[in-house]
């Protein structure tokens, strides 16, 4: 029986796999440069990073590594993790009242194979007041999240609509991962 290695330190990715009943061990990758390459598309970026994270994770024979990377895209601009509270407020102001995409690239790598894939979900925030944005930023929640929000937390009250996989917005499109795992016989 092959075992699954989650190449991530994200508590959200661990929670998603555990809730889906998919057994795994956690082993974060080492030394992956997450710099966007010149001219790189958002989809190319997240899949490339997922592949690089899978390759940078120690793996024993028989183990399958699962790596992922998520970004938020608005008007073809990738919104990463905010640099500080002002940057978080700027991102949220841009996202409010508009649809944006959340894209997650995944990679499954094992003995003799490497599978890269991605999921895209469209999220629409309701219009926000400056005080709502300020209150959310002061909560600290947006600071370590792509696009400056976590759909599973306080920002859930801002989400007017989603089209696609909810878990993708949290950071791991579990149904896509499950389909690939079953195709591999895991």
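Read-outs: derived from the displayed coordinates by stated rules, not from any lab. In this text the structure is predicted, and so the values were computed from the model without any measurement. All Cβ positions, even for glycine, are placed from backbone atoms using ideal geometry, and neighbour counts span all protein chains on display.
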Exercise. Does anyone have the angle between helix 42-55 and the longest principal axis of the chain? Alpha-carbon axes, 0 to 90°, nearest 10?
Worked result: 40 degrees
Exercise. Residue 159 to residue 135: FRET efficiency via 1/(1 + (r/R0)^6), r the Cβ-Cβ distance, R0 25 Å, to the nearest 0.05?
Worked result: 0.95
Exercise. By the gyration tensor of its Cα atoms, with a ≥ b ≥ c the square roots of the eigenvalues, what is the shape of the range 19-68: rounded for a/c under 1.5, prolate for a/b over b/c, or oblate?
Worked result: prolate
Exercise. How big is the C-alpha Rg of the range 126-174 next to the rule-of-thumb value 2.2 N^0.38 Å, as a ratio?
Worked result: 1.16
For this session: Specify the angular offset, from 0 to 90 degrees and rounded to the nearest 10, of the alpha carbon long axis of helix 85-95 from the longest principal axis of the alpha carbons in the chain.
Result: 90 degrees
For this session: Rounded to the nearest 10 degrees, what's the angle between the helix 174-183 long axis and the longest principal axis of the chain, both from Cα atoms, 0 to 90?
Result: 20 degrees
Seminar exercise, completed: Kirkwood radius from Cα pairs of the range 96-184 plugged into Stokes-Einstein at 4 °C, 1.567 mPa s, gives D in µm²/s equal to 90 µm²/s
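What FRET efficiency do you get for residue 27 and residue 143 if R0 is 22 Å and r is their Cβ-Cβ distance, rounded to the nearest 0.05? List each step's numbers first, then the result.
Numbers: r = 25 Å, r/R0 = 1.14.
With a Förster radius of 22 Å, E is 0.30.
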For this session: Treating each Cα of the range 1-86 as an identical point scatterer and ignoring solvent, apply the Debye formula and state log10 I(q)/I(0) at q = 0.13, 0.21 Å⁻¹.
Result: -0.50, -1.05
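So what's the range 3-183 giving for Rg/Rh, alpha carbon basis, Kirkwood Rh from the mean inverse pair distance? Mind dumping the intermediate values first?
On the way: Rg = 16.3 Å, Rh = 16.7 Å.
Expressed as Rg/Rh, it is 0.98.
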